[in-house]
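As structure tokens, the structure follows; a few thoughts come after it.
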Amino acid sequence: MTNYGGDQRDSPAIAAEASTVTTNKRFWTPGRFVAILCIVNLINYVDRGVIASNGVNGSSRTCDAKGLCSAGTGIQGEFRLSNFQDGLLSSAFMVGLLVASPIFAALSKRFTPFKLIGVGLTVWTLAAVGCGFSYNFWMIAVFRMFVGVGEASFISLAAPYIDDSAPAARKNLWLGLFYMCIPAGVALGYVFGGYVGNHLGWRWAFYIEAIAMAFFVVLSFCIKPPQLKGFAAKESKKPSTSIETVALTHAETSQIKTVTPKPKTQNLVVLFGKDMKALFSEKVFIVNVLGYITYNFVIGAYSYWGPKAGFGIYHMKNADMIFGGLTIICGIIGTLGGSYVLDRINATLQNTFKLLAASTLFGAAFCFAAFCMKNMYAFIGLFAVGEILIFAPQAPVNFVCLHCVRPNLRPLSMASSTVLIHILGDVPSSPLYGKMQDRLKNWRTSTLIITSILFLAAIIWGIGIFMNSVDRSNEKSDDEVEEEEKLETKADNNSVPV
């Protein structure tokens, strides 16, 4: 008998390749891989805090009754923006995000999702540099839009990677670590933007964050990520070096080539439409996103106008530092706390809705009471408790998005959720809050009105408790089942008795 595999087993080249693969797998553990995603998420949200900080966003030119005017500061002062125009900068970012998110989700069916993340982060980095070079309102608005385009790839595709990489018993905690970077990033952005804006000028805040992201752009094209559940592995162009392949004769290889059909391809638009129909037939997804939209309407206004409202109501000398410090501490405690509690109480979809409704309801009550306080220290104490409760839903609400649909729909679920919570949530809330403040000229009243909307979010999520919700994260799609059946049929037809 001829031993086809003997020489191959002893091949130094194959041994070296196997050693390299083992080393790479050992280095890129799930924990390290998720840590990279968390750092990138942190930088994304630092940018959101930077654009809202007093040091970068600045203040408009003001004149007193005698006609004496003081020069404005930052972006708003340099470009002479009204509060409404200033709010539009936040909306421009969201327009890029909401347009690009479903596009990246659809492209993930044709291209390796992690490479799409790399492309998006490249766009993000170049656009951040462009923000620093802007010389008028329209130029910085366009670059803010492209920052949103770049972030869209990451927002749509990162969470499914974490969901697949995390241990089952700590899935929500790992998601919590990822979403903890939202409040921590925004808060660090307040502090970072305030410091850099006051010492180096607002443009340098964008240059520095672009330099920080550039490292991860390079890394995203070098790492081999884990295979996403629900997605077929992209065909490798590298020839196989397995023993079974080498053992085939030329005749057998030719036979396999003649009987193997070309993979079935569908029009991307048709496939996208089919997936959208399947996604929006999920009632649990609809209720979850409606609550998320309402919740994000308030969070968007808080994150953009919070430091200015704090300064306007309580005349805080260091509003960026105070709001930044509060948001970092409370955001970390709230996000990790909500994730930990959900893992402890058994992470069913029904229990998740209970947590979402309760934490939002009590958080709204504390925040509303805080803005009624005349004393700044009473405000800080109540608002801190409110923020902890408000940030508790960060991971659970996205857990619902990931687990109320089949695995192959997760990127589209995250993308659609992102589009809807922004186009109906914080995209209109920032300029509407600015418009309301322009009319009322009372920061306390404006903030109390916007805070009351959180009670509606709690009611909507409360409806989810009574729905017949099923975790579908381990189900296979119809296409996957069909493909498996075809492969089994081919295997039976190609099997030859020895």
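The values are calculated or read from the model by the stated rules, or taken from the named source; none is laboratory data. Remember, it's a predicted structure, so these values are computed and weren't measured experimentally. Neighbour counts are summed over all protein chains in view; Cβ atoms, including those assigned to glycine, are modelled from backbone coordinates with ideal geometry. Surface accessibility is based on the protein's heavy atoms, side chains included, excluding ligands, DNA and RNA. Shrake-Rupley method; radii C 1.70, N 1.55, O 1.52, S 1.80 Å.
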Handout entry: Net charge of neighbours whose Cβ lies under 14 Å from the Cβ of ASN288, counting Lys and Arg as +1 and Asp and Glu as -1
Key = +2
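Determine the share of segment 269-475's accessible area contributed by carbon and sulfur atoms, expressed in whole percent, with a 1.4 angstrom probe. Could the numbers behind the result be given before it?
Numbers: 5600 of 8080 Å².
Carbon and sulfur atoms account for 69 percent of the accessible area of segment 269-475.
Work the Kirkwood hydrodynamic radius out for segment 269-475: mean of 1/r over every pair of different alpha-carbon atoms, inverted, in Å. Mind showing how you got there, number by number?
Values: mean 1/r = 0.0566 Å⁻¹.
Here the Kirkwood hydrodynamic radius works out to 17.7 Å.
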Handout entry: Alpha-carbon centroid distance for the pair segment 403-455 / segment 114-182, whole angstrom
Key = 18
Practice task
Would you mind telling me the share, in percent, of accessible area of segment 162-214 contributed by carbon and sulfur at probe 1.4 angstrom?
Solution key: 71
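Using the eigenvalues of the Cα gyration tensor, what equivalent ellipsoid semi-axes result for segment 265-384 when each is taken as the square root of five times the eigenvalue, whole Å, largest first? Spell out each step's value before the answer.
Numbers: eigenvalues 261, 72, 33 Å².
Semi-axis lengths for segment 265-384 are 36, 19, 13 Å.
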Exercise for the section: Please work out the average accessible area per residue across segment 304-360, using the 1.4 Å probe convention, and give it in Å². Expected result: 39
Completion exercise
The answer for the net charge of residues other than ILE211 whose Cβ lies under 15 angstrom from its Cβ, with Lys and Arg +1 and Asp and Glu -1, is -1
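Would you mind checking LYS109/LYS171; LYS354/LYS435; LYS109/LYS229; LYS354/LYS374 for any pair whose Cα atoms are more than 23 angstrom apart?
Numbers: LYS109/LYS171 25 Å; LYS354/LYS435 35 Å; LYS109/LYS229 12 Å; LYS354/LYS374 33 Å.
Beyond 23 Å: LYS109/LYS171; LYS354/LYS435; LYS354/LYS374.
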